[in-house]
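Asks: Quick one: the structure is below, and I'll ask about it shortly.
The values are calculated or read from the model by the stated rules, or taken from the named source; none is laboratory data. Keep in mind that this is a model prediction, so the values were computed, not measured. Positions of Cβ are generated from backbone atoms using ideal geometry, with glycine treated the same way; all protein chains shown enter the neighbour counts.
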Amino acid sequence: MHRSHPYDDTVHKKGDPDLNKQHETSHHDPTTKHLENPVDSEDSATHDGNVSSELGNIVYGITGLENLGNSCYMSSIIQCINNTIPLSMYFCNEVHLEHVNHDNASTRGVVAEEFGAVVRTLWSGQYRSISYPGLKKVVAQHMKQFQGCIQQDSHEFHIILMDLLHEDLKRNIRKFSERETGDENLSADQAWGNFQMYNESIIKFLFYGQQKSTVRCCKCGKESVTYEVFSDLSLPLPNSSEECSLAECINLYLRGEEISGWNCSSCKEEGHAIKKFDIWRLPPILVIHLKRFYYEDRWRKRLTYVDFPLDLDMHQSTELEEGFVNYKLYAVSNHYGSMEGGHYTAFCKNELYEKWYEFDDDNVSEISSDDVSSKSAYILFYTSVECKI
Ligand SMILES: [Zn+2]
């Protein structure tokens, strides 16, 4: 597939198997010393840099992440994102160093730099497991809830990490306003164009789609349409079934829900309305969050087994005739246990070896593709781009 786009070079770069070429070229990478001297493993384990490593006899991308104290929710997401090949190649080939935004007042580029160092180390093929205190620290500087050692929601971490990377890597640092993208009078293309103008980054290019949101007043029937961007789809699960298909969850999401407190611009009354979504533009990488957690007196978890396909055809769920509609599953963030005391792992397909692996903190083991689907599946990562390493 060819699409003319500034990120084409990174997304479709092929035939460069030397993912660890940072050995020669990296000047920014705090881990360089350790990558150049992998035999010095004892030193690696205790050094004062931002990524420490344990030596092992390893293949590319099959590297665990040491638990930093209930940090499995972070590790699960880092492994899923690390197996997003267009993005990890962008970091491994150090394209991000041309884009990192040191002037962005909120993040100053440090999250992208730390994340890039972790990704390059994970793909260096030299370590059985590594630690990432530097990345945890810079993310926690922006989001205080990630500071300590308390279990957090991997979906929330995913959203925040993506936002921080986007802020660090976008080309135009002026914030866009709601008016410019969510205005009722804008067409889908105008809203998307305005969003793109202020949000050009590899994160936007890979992960952002657009949906049409229609709110219909229950009193007078007046419809209000806006076009919104999304970076993942948060799908509800059916209330009372032990098993359902992903298509059912998507249908439930698209069917819409009743909202209260809607101020109607037509009949000027406040009341109920029906809000529904139509998917308007799908991204190259589609992230699907299964809303297992809900509050009813206390936080509860739905243990529904969601039957999701390895090959996802979104034709049924959209009226799109072009763009990205056929997807392949490449990663799953799993949650086991309850909201308070749980554990996260990741199942990821290594694109180089075309095999699935379970990443459970510092342990990595091969699994069958038949084992990928389980009632612990929490966030699904699908790709529609061919990107060979
Ligand atoms: Zn009305």
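Asks: Identify the residue in segment 310-347 that is polar (S, T, N, Q) and over 20 Å from the mean Cα position of the chain (by Cα) and, among all such residues, is nearest to residue 377 (Cα to Cα).
Replies: Among those residues, the one meeting the criterion is 338.
Asks: Need a quick list: helices (runs of 4 or more DSSP H) entirely within segment 57-118 having at least 3 residues that are buried (at least 23 other Cβ atoms within 10 Å of the Cβ).
Replies: Passing ranges, in order: 72-82, 85-92.
Asks: Just the residues that are β-branched (Val, Ile, Thr) and more than 22 Å from residue 147 (Cα to Cα), please, taken from segment 64-89. Explain how you work it out, then say what you get.
Replies: Looking only at segment 64-89, we keep the residues that are β-branched (Val, Ile, Thr), and these are 77-78, 81, 84-85.
The answer is 84, 85.
Asks: Which pairs turn up if I take residues in segment 214-225 that are in contact (Cβ under 8 Å) with a residue 12 or more places away in the chain and look for partners that are of a type in the set (Ser, Thr, Tyr) and near the ligand (Cβ under 7 Å from one of its atoms) with beta carbon separation below 8 Å, at least 6 apart in sequence or on another chain?
Replies: Short answer, once both residue conditions are applied: 217/266; 220/266; 222/266.
Asks: A follow-up question, please. What number of residues within segment 341-382 satisfy the criterion of being in contact with a helix residue (DSSP H, G or I) (Cβ under 7 Å, 6 or more places away or on another chain) and closer than 16 Å to residue 63 by Cα?
Replies: Within segment 341-382, residues that are in contact with a helix residue (DSSP H, G or I) (Cβ under 7 Å, 6 or more places away or on another chain) and closer than 16 Å to residue 63 by Cα number 7.
Asks: Somewhere in segment 100-123, is a residue farther than 28 Å from residue 152 by Cα, of a type outside the set (Asp, Glu) and either at pLDDT 90 or above or in contact with a strand residue (DSSP E or B) (Cβ under 6 Å, 6 or more places away or on another chain) (or both)?
Replies: no
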